[in-house]
Structure formats: C-alpha cells, structure tokens
Amino acid sequence: MEEEKGYRSDPDAAGGGSPAGAGIGVLELGTYCGYSTLLIAQALPPGGRLLTVERDPRTAAVAEKLIRLAGFDEHMVELIVGSSEEVIPCLRTQYQLSRADLVLLIHRPRCYLRDLQLLEAHALLPAGATVLADHVLFPGAPRFLQYAKSCGRYRCRLYHTGLPDFPAIKDGIAQLTYAGPG
C-alpha cells in the first residue's frame with residue numbers, strides 16, 4: 001500500500017472512466033447530517049447521481065431536509081434509510097444503480113470489509129471505480145485494509161490524517177482503485 005502524509009485533491013478520484021462524467025454513480029454509506037452529501041452533490045457532473053445510505057431514521061430526516069433545502073431533487077440525490085448490509089443487495093433492482101464509480105465509506109469502519117465484499121458480489125464496482133474509506137486507522141478497519149492489500153483487485157493508497165482537536169491521535173483515509181473482478 002502506498003502511503004502519503006496529508007490529503008490532496010485528486011481530480012481522478014471520481015474514477016469510472018465515463019466520458020465527461022455522464023451518468024456517474026456515487027454511493028455514500030453513512031449520511032449523518034448530510035454535509036459530505038452536499039459537497040459531493042455540488043461536484044456531480046450533469047447526469048450524475050448520488051445515493052446516500054443512513055441507518056438512523058432521525059438523522060436521515062434531518063439530512064433529507066438539508067439536501068432538499070440546498071436544492072437537490074430526488075433524481076440527483078436519493079437518501080435511503082436502512083443498513084448498508086440490507087440496502088447494497090437492492091441497489092441495482094430497487095434503486096436502479098447499475099454501477100458505483102465512486103464509493104464513500106464513512107459509516108462504521110467495522111462494516112467496511114463486509115460492505116466492500118457485498119459491492120463486489122453484486123457487481124456494482126466497475127473497473128476503475130474509486131473507494132474512499134475514512135477512519136481506517138482510528139478507530140480502524142484492519143481487516144478491510146488487509147483484504148484490500150492482499151486480494152489483488154485494488155491499488156491502494158493511504159493518506160495519513162489526524163484529528164483536529166487531538167493531534168496525537170493518528171488516522172487515515174484509504175483510497176482504493178478497483179482493477180476488476182479478476
């Protein structure tokens with residue numbers, strides 16, 4: 001795994017290889033209040049679509065209001081209330097997501113490996129897809145990182161970060177680029 005200090009914006013991080021970004025599918029697992037959802041939605045190219053999944057209905061209700069208040073309709077940003085484990089198998093049929101060119105894992109690090117494997121099993125990751133996983137060092141997702149490094153299907157980078165109020169606590173964001181099933 002390639003490791004870097006800090007974080008830099010990568011224009012290729014959206015991945016997918018779609019011409020001019022047409023039809024890019026983005027999946028965010030962990031909406032919380034919708035802050036990152038709004039930032040991603042603002043950056044979507046025309047024809048792009050963001051599905052964001054939040055398991056807590058109360059938190060999702062707040063995020064839904066903020067997303068709509070910001071002017072994003074249900075066609076561009078769809079908020080799904082449910083657990084990632086239940087939602088991922090339904091993405092293709094129930095939510096018409098044929099592929100996820102960019103996946104953000106910002107929910108529960110202990111679920112990252114399970115959810116990545118569900119995305120693979122349901123053929124939702126096209127070759128070139130980018131998976132960004134936050135908090136992989138603290139609280140940590142060691143099984144997820146080990147799998148990504150050893151399975152042979154991902155090119156991995158680790159960006160070292162810290163917690164703003166607690167500089168002694170080291171964290172990291174993993175950027176995975178999917179090479180394909182095999």
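The values are calculated or read from the model by the stated rules, or taken from the named source; none is laboratory data. The structure presented is a predicted model; accordingly, all values stated were derived computationally and were not measured. Note: ideal-geometry Cβ built from the backbone for every residue, glycine included; neighbour counts use all protein chains shown.
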Point to revise | When residues of region 138-156 are limited to those that are within 18 Å of Cys111 (Cα to Cα) and in a loop (DSSP other than H, G, I, E, B), the one nearest to the chain's Cα centre (by Cα) | key: Ala141
Review point. Which number in (1) over 14 Å from the mean Cα position of the chain (by Cα); (2) more than 24 Å from Arg153 (Cβ to Cβ); (3) of a type in the set (Lys, Arg) marks the one condition that Arg92 misses?
Key: (2)
**Study point:** Flag for Cys111 being modelled with pLDDT of 95 or more, assigned to a helix (DSSP H, G or I), surrounded by fewer than 18 Cβ atoms within 10 Å (Cβ to Cβ) and hydrophobic (A, V, I, L, M, F, W, C)
**Key:** no
Point to revise | Matching residues in region 54-93 - criterion: being surrounded by 13 or more Cβ atoms within 10 Å (Cβ to Cβ), of a type in the set (Val, Ile, Thr) and more than 11 Å from Tyr32 (Cβ to Cβ) | key: Ile67, Val77, Ile80, Val81, Val87, Ile88
Check your understanding: Does Leu158 count as within 23 Å of Ile24 (Cα to Cα) and either touching an Asp or Glu at 6+ places or on another chain (Cβ under 9 Å) or surrounded by 18 or more Cβ atoms within 10 Å (Cβ to Cβ) (or both)?
Key -> no
Practice item. Among the residues of region 59-108, write down those that are among the basic types (Lys, Arg) and either at positive phi or not in a helix (DSSP H, G or I) (or both). Key: Arg99, Arg108
Practice item. Return yes when Thr31 is part of a loop (DSSP other than H, G, I, E, B), within 14 Å of the chain's Cα centre (by Cα) and modelled with pLDDT of 95 or more and no when it is not. Key: yes
Point to revise | Residue, surrounded by the fewest Cβ atoms within 10 Å (Cβ to Cβ), within region 121-154, restricted to residues that are touching a residue at least 40 places away in the same chain (Cβ under 8 Å) and not hydrophobic (A, V, I, L, M, F, W, C) | key: Lys149
**Study point:** Failed item in (1) surrounded by fewer than 16 Cβ atoms within 10 Å (Cβ to Cβ); (2) among the polar types (S, T, N, Q); (3) touching a helix residue (DSSP H, G or I) at 6+ places or on another chain (Cβ under 8 Å), with Thr37 passing the rest
**Key:** (1)
